[in-house]
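The values are calculated or read from the model by the stated rules, or taken from the named source; none is laboratory data. Since the model is a prediction, treat every value here as computed from it, not as a measurement. Here the Cβ positions follow ideal geometry from the backbone for every residue, glycine too, while neighbour counts run over all protein chains shown. These accessible areas exclude ligands, DNA and RNA; they are computed on the full protein's heavy atoms, side chains included. Shrake-Rupley method; radii C 1.70, N 1.55, O 1.52, S 1.80 Å.
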Amino acid sequence: LISFFESRHSVRMFQKGLIPKKDLLAAARMAQSGPSACNRHPCKVHFVANGELMDKVLESQNGNRGFGTEFSHVAIVTFDLSSLLAPTERNQAWVEGGLFSMSLVLAFHAMGYGTCCLNWCADGGQEARLRATGIVNLRDCVVMLLGIGLLREEYTVAVSTRTDPEQVATFHS
């Protein structure tokens, strides 16, 4: 079981070709199986295939220069703000969006596709450019972007040193 999680890496090198729509839908369905507060499931995923529209989407995101053209698709994970019931739920977009995104990444990994999480640390101009594409409506909060693609036979991945679990986990009695 641990090997499944440890075998997932951020991938920036892909082979040409599109992921079949049925597989994109299967990954979205798997992501919906993740936890959600009160089972509201307010997250959505917008898949954009490689081409002019995907280029516009990636222009609004910081951090994909040099490898963004490699993706088969870019997924935009959003949170429907109209699902919030009170100001005390203001952080739910990030919690729910993060859980949904993680489930989506692991679904693609389980299906044999590569992914690269793309942050959404965007200023107002970048957000306006993304919204100008017509993909994301005003009531949706953009949580993150995800590059997805067909894995090559061989590819390199960035290696990050992981903190020892003994330093991450704290036990209380």
Residues of region 1-14 classified as closer than 16 Å to Cys117 by Cα and part of a loop (DSSP other than H, G, I, E, B), total | 5
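Mind checking whether some residue in region 15-27 is open to solvent by less than 60 Å² (accessible area, probe 1.4 Å), part of a loop (DSSP other than H, G, I, E, B) and in contact with a strand residue (DSSP E or B) (Cβ under 9 Å, 6 or more places away or on another chain)?
Of region 15-27, the ones open to solvent by less than 60 Å² (accessible area, probe 1.4 Å) are 17, 19-20, 23-24, 26-27.
Narrowing further to those that are part of a loop (DSSP other than H, G, I, E, B): 17, 19-20.
Adding the requirement that they be in contact with a strand residue (DSSP E or B) (Cβ under 9 Å, 6 or more places away or on another chain) leaves 17, 19.
The answer is yes; a qualifying residue exists.
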Residue hits (region 36-69; open to solvent by less than 70 Å² (accessible area, probe 1.4 Å) and in a loop (DSSP other than H, G, I, E, B)) are Ser36, Pro42, Gly51, Ser60, Gln61, Gly63, Asn64, Phe67
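Take Met111 and tell me if it is farther than 19 Å from Gly51 by Cα, open to solvent by less than 80 Å² (accessible area, probe 1.4 Å) and not small (Gly, Ala, Ser).
It is true that Met111 is farther than 19 Å from Gly51 by Cα, open to solvent by less than 80 Å² (accessible area, probe 1.4 Å) and not small (Gly, Ala, Ser).
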Per the filter on region 58-99, residues within 19 Å of Asp123 (Cα to Cα), of a type in the set (Val, Ile, Thr) and touching a Gly at 6+ places or on another chain (Cβ under 9 Å) are Val77, Thr78
Do the conditions hold for Leu53, that is, is it under 30 Å from Glu153 (Cβ atoms), of a type outside the set (Ser, Thr, Tyr) and at pLDDT 95 or above?
-> yes
Flagged in region 128-149 as open to solvent by 40 Å² or more (accessible area, probe 1.4 Å) and touching a strand residue (DSSP E or B) at 6+ places or on another chain (Cβ under 7 Å), in numbering order, are Arg139
Within region 70-105, track down each residue that is in contact (Cβ under 8 Å) with a residue 60 or more places away in the chain, more than 15 Å from the chain's Cα centre (by Cα) and open to solvent by less than 30 Å² (accessible area, probe 1.4 Å).
-> Asp80
Among (1) among the charged types (D, E, K, R); (2) within 20 Å of Lys44 (Cβ to Cβ); (3) part of a loop (DSSP other than H, G, I, E, B), the one test that Glu96 misses = (3)
Determine, yes or no, whether Ala122 is of a type in the set (A, V, I, L, M) and either free of Cβ contacts under 8 Å to residues at least 12 places away in the same chain or part of a loop (DSSP other than H, G, I, E, B) (or both).
-> yes
Quick one: Val159 ticks every box in (1) open to solvent by 40 Å² or more (accessible area, probe 1.4 Å); (2) in contact (Cβ under 8 Å) with a residue 24 or more places away in the chain; (3) under 30 Å from Gly17 (Cβ atoms) except a single one, so which number is it?
-> (2)
